[in-house]
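Working notes, beginning with the structure itself.
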């Protein structure tokens with residue numbers, strides 16, 4: 001099996017996937033998202049080419065599977081083109097992990113939150129708007145204490161908590177001037193931890209608690225600590241429903257309890273990390289992914 005990995009040159013995850021592929025007798029090629037190009041001549045002969053580590057080209061249409069391990073920033077045109085390329089490869093029978101529709105949903109916090117809420121999953125009260133005046137009204141509506149998140153973002157980057165009205169107005173006005181969408185979520189008072197659940201094709205791989213006594217953000221990239229966690233039936237159902245609703249085959253679901261004991265679904269990550277997860281749980285996620293891909297690719301043929 002030939003596997004393409006859309007990832008950064010120094011990515012730990014690319015290295016781990018290559019290791020898992022090598023151990024199972026497969027080959028992995030790192031490909032740069034920014035180096036993708038496509039040509040169309042006939043309906044049955046698209047060519048999608050990417051650049052690898054040594055600037056050599058790789059024909060993605062000749063691969064068995066592609067794993068998406070990064071979503072680099074870019075213009076709207078660049079992002080749309082990259083998603084279109086993944087969809088074109090998928091249409092040719094190449095397994096994409098995650099499928100482009102799932103990636104589009106998961107990276108767009110409004111789209112993902114709306115799908116989760118529409119399915120009846122518990123999400124924190126959320127307001128999405130485009131101007132400071134509406135955001136100020138939302139601050140009051142959401143209890144005067146909100147978390148402001150970038151619509152597109154990961155690993156806790158760009159997330160701020162505001163409760164002071166003056167500071168909030170300055171924050172909202174500054175963001176408005178940069179022409180971004182304002183995504184406000186009621187701050188959920190919690191016990192200092194959340195739960196990350198990894199799910200592959202509807203099967204829970206495992207879960208762990210992430211704690212950070214110094215920051216309301218519990219991302220491992222922000223010096224949080226982790227401990228293994230045995231899911232309750234409710235947590236299991238929430239996590240598997242969340243990935244199903246967003247169409248995510250391999251997803252990281254974040255669950256958060258408020259102090260009354262109610263569990264919320266915060267988000268679904270379609271490019272989830274597992275470095276901290278493996279360190280805490282001992283589960284070889286890369287091996288599980290490659291094994292699943294091998295079975296899936298063989299079944300397709």
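Where a number appears in this text, it was derived from the coordinates with a stated rule and is not lab data. These numbers come from a predicted model, not from an experiment. Glycine also receives a Cβ, built like all others from the backbone with ideal geometry; neighbour counts cover every protein chain displayed.
Among 246, 281, the order by Cβ neighbours within 10 angstrom, fewest to most, reads 281, 246. Take every pair of alpha-carbon atoms less than 8 Å apart whose residues are at least six positions apart; their mean separation over the length of region 126-186 yields a relative contact order of 53 percent. For residue 160 and residue 291, the FRET efficiency from 1/(1 + (r/R0)^6), where r spans their Cβ atoms and R0 equals 30 Å, is about 0.15.
Against the empirical curve 2.2 N^0.38 Å, the C-alpha radius of gyration of region 177-301 lands at a ratio of 1.14.
In terms of its C-alpha gyration tensor, region 68-130 comes out oblate, because a/c is 1.5 or above while a/b does not outweigh b/c. Computed from Cα atoms, the angle from the helix 12-23 axis to the main principal axis of the chain rounds to 40 degrees. The helix-based estimate of mean residue ellipticity at 222 nm for the chain, built from -39,500 (n - 2.57) per DSSP H run of four or more residues and divided by its residue count, is -11000 deg cm²/dmol to the nearest 500. Every pair of different Cα atoms in region 43-161 enters the Kirkwood calculation, which places the hydrodynamic radius at 17.2 Å. Report, to the nearest 10°, how far helix 76-91 tilts away from the longest principal axis of the Cα atoms in the chain, using its own Cα long axis and a range of 0 to 90°. Once rounded, one gets 50 degrees.
The angle between the Cα long axis of helix 165-177 and the longest principal axis of the Cα atoms of the chain comes to about 40 degrees, rounded to the nearest 10. Considered as an equivalent ellipsoid built on the Cα gyration tensor, region 13-59 has semi-axes of 25, 14, 8 Å, the largest given first. At an R0 of 35 angstrom, the distance between the Cβ atoms of residue 24 and residue 119 translates into a FRET efficiency of 0.50.
Could you tell me which label, among [x] 34, 24, 17; [y] 38, 20, 17; [z] 45, 31, 19, carries the value of semi-axes √(5λ) of the Cα gyration tensor in Å calculated for this structure? Computing semi-axes √(5λ) of the Cα gyration tensor in Å and matching it to [x] 34, 24, 17; [y] 38, 20, 17; [z] 45, 31, 19 gives [x].
For the chain, modelled as a GNM whose springs connect Cα atoms under 10 angstrom apart, the maximal fluctuation among 134, 126, 15 occurs at 134. To the nearest Å, what is the center-to-center distance of region 1-57 and region 65-132, using C-alpha atoms only? Each part's Cα centre sits 20 Å from the other's.
Our estimate of slack between residue 76 and residue 111, defined as 0.36 nm per intervening residue step minus the Cα-Cα distance, is 11.0 nm.
Ordering 69, 259, 278 by the number of other Cβ atoms within 10 Å of each residue's own Cβ, fewest first, gives 259, 278, 69.
Diffusion coefficient of region 126-186 by Stokes-Einstein, Kirkwood radius over Cα pairs, 10 °C, 1.306 mPa s: 142 µm²/s. Sorting 292, 274 by the number of Cβ atoms found within 10 Å of their own Cβ, with the fewest placed first, yields 292, 274.
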